[in-house]
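Asker: Pasting in a structure now, in structure tokens, and then I'll have a few things to ask.
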Amino acid sequence: SKYSANDEVTSRVVCIGGSVIDIIAKASSKEKMIIGTSNPGKVFKSDGGVGRNVAEVLGRLGDKPLFYTSIGKDDGGEGILSRLADCGVLTSGASVSFADGVSASYVALLDDESDLVGGIADMDANQQIPTPSVEALSGVEFVLIDSNAPSRVMIESASNAAKAGASVFFEPTSVPKAKQICENDSFIKNVSYAFPNEDELLAMSNTSVEGESTTDDLEHVKHAASNLLGRMRSDSSAHVVVTLGPRGVLLASKSGGPDSSVEHTVFPAEAISKVSSNGAGDTLCGAFIHALLNGADEKQAVRFGMKAAILSLQYEDGAISPYI
């Protein structure tokens, strides 16, 4: 095992979230796939999980993040930790929990036209993701939390981070998880930065798009982002970074205080040939945090994040491009 048993690991940034083994089985495009029997094709295996992806980005950029996660007692989990260590991600005896059974895994079956036939997600190991204490977060500047951890762990981690003086970043992971954790304010009230896509934002802010203008003026996105900012950390500035695919990114920001107004900035996307959107949002999030750690403001951080995301959009063999 390459993880450190030393609990005295310190870092300016901590990531808390899932480590997932992604296995994609794709039928050969040369002949029609036959259901109910074996088909020729290719099998791709890669490391995933939002928290793990963001930690890898920060590691590759030289930020030495400390990663809290859970893996199974299997070769797959040990492999994830070993590859993260190779990327510069730190773990400790306190930050890694070992769950019974296999590491969190996702298996997808794609047909001869690369359409999803079905998938199985075994995420039980994520229930064991540990909560860092206030003491463990002393001196940490940024804490990223994804939605793979149980709600209790997310709420306690965000509260402990706020008590320790760290800014909390939230990556929602999926629409159902985003909606669930934002049903009340116990978690979101401690969040300073949120990174949803459009669907996740609408779920988090409980904003309906019915009756909205059909023109692509992003007014409903700006409205939803403003709603969400009103529930986020109120004693300091807060920011929502909304990824909009080919339409780019919307940054919604409010300065601290009860009377602060919301500023919206749209960053158009570069026209590129996309190979895989898997991991692009996580790359933007990690690169954004890296830019802030190095003195950038939020607008500069979005621009840097978008440049890094392009590299993962154009990388086929995994979620995160090794070239960032």
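The values are calculated or read from the model by the stated rules, or taken from the named source; none is laboratory data. None of the values given here were measured: they were computed from a predicted structure. In this analysis, Cβ positions are derived from the backbone assuming ideal geometry, glycine residues included, and neighbour counts consider all displayed protein chains. Side chains are part of the model used for accessible areas, which takes the heavy atoms of the whole protein and leaves out ligands, DNA and RNA. Shrake-Rupley method; radii C 1.70, N 1.55, O 1.52, S 1.80 Å.
Asker: Taking Thr214 and the conditions (1) at pLDDT 95 or above; (2) outside any strand (DSSP E or B); (3) surrounded by fewer than 23 Cβ atoms within 10 Å (Cβ to Cβ), which numbered condition does it fall short on, given that it satisfies the others?
Answerer: (1)
Asker: Pairs only if they're at least six apart or on different chains, beta carbon under 9 angstrom, first in region 286-311 and within 15 Å of Gly88 (Cβ to Cβ), second of a type outside the set (Lys, Arg) and surrounded by fewer than 18 Cβ atoms within 10 Å (Cβ to Cβ); list them, first residue then second.
Answerer: Between residues of region 286-311 that are within 15 Å of Gly88 (Cβ to Cβ) and residues that are of a type outside the set (Lys, Arg) and surrounded by fewer than 18 Cβ atoms within 10 Å (Cβ to Cβ), the close pairs are His290/Gly62; His290/Ala296; Leu293/Glu141.
Asker: For Leu144, are the conditions met, namely being modelled with pLDDT of 95 or more, part of a helix (DSSP H, G or I), aliphatic (A, V, I, L, M) and within 20 Å of the chain's Cα centre (by Cα)? Break it down stepwise before answering.
Answerer: Values: modelled with pLDDT of 95 or more: yes; part of a helix (DSSP H, G or I): no; aliphatic (A, V, I, L, M): yes; within 20 Å of the chain's Cα centre (by Cα): yes.
Considered against the rule, which asks whether it is modelled with pLDDT of 95 or more, part of a helix (DSSP H, G or I), aliphatic (A, V, I, L, M) and within 20 Å of the chain's Cα centre (by Cα), Leu144 comes out as no.
Asker: Further, regarding this structure: Is at least one residue of region 124-134 in contact with a helix residue (DSSP H, G or I) (Cβ under 7 Å, 6 or more places away or on another chain), in contact (Cβ under 8 Å) with a residue 40 or more places away in the chain and open to solvent by less than 10 Å² (accessible area, probe 1.4 Å)?
Answerer: yes
Asker: Something else about it: Do we have Asp282 as closer than 21 Å to Leu66 by Cα, of a type outside the set (A, V, I, L, M), modelled with pLDDT under 95 and open to solvent by 10 Å² or more (accessible area, probe 1.4 Å) here?
Answerer: Yes, satisfied.
Asker: Report every pair of residues separated by at least 6 positions or lying on different chains whose Cβ atoms are under 7 Å apart, first residue within region 50-71 and more than 16 Å from Arg12 (Cβ to Cβ), second open to solvent by 20 Å² or more (accessible area, probe 1.4 Å) and polar (S, T, N, Q).
Answerer: Hits for this filter: Val50/Thr173; Ser70/Ser97; Ser70/Gln128.
Asker: List every residue pair whose Cβ atoms sit under 6 Å apart, with the two residues 6 or more apart in sequence or on different chains, where the first one lies in region 102-120 and is closer than 28 Å to Asp75 by Cα and part of a strand (DSSP E or B) and the second, anywhere, is aromatic (Phe, Trp, Tyr) and open to solvent by 30 Å² or more (accessible area, probe 1.4 Å).
Answerer: So the pair list comes out empty.
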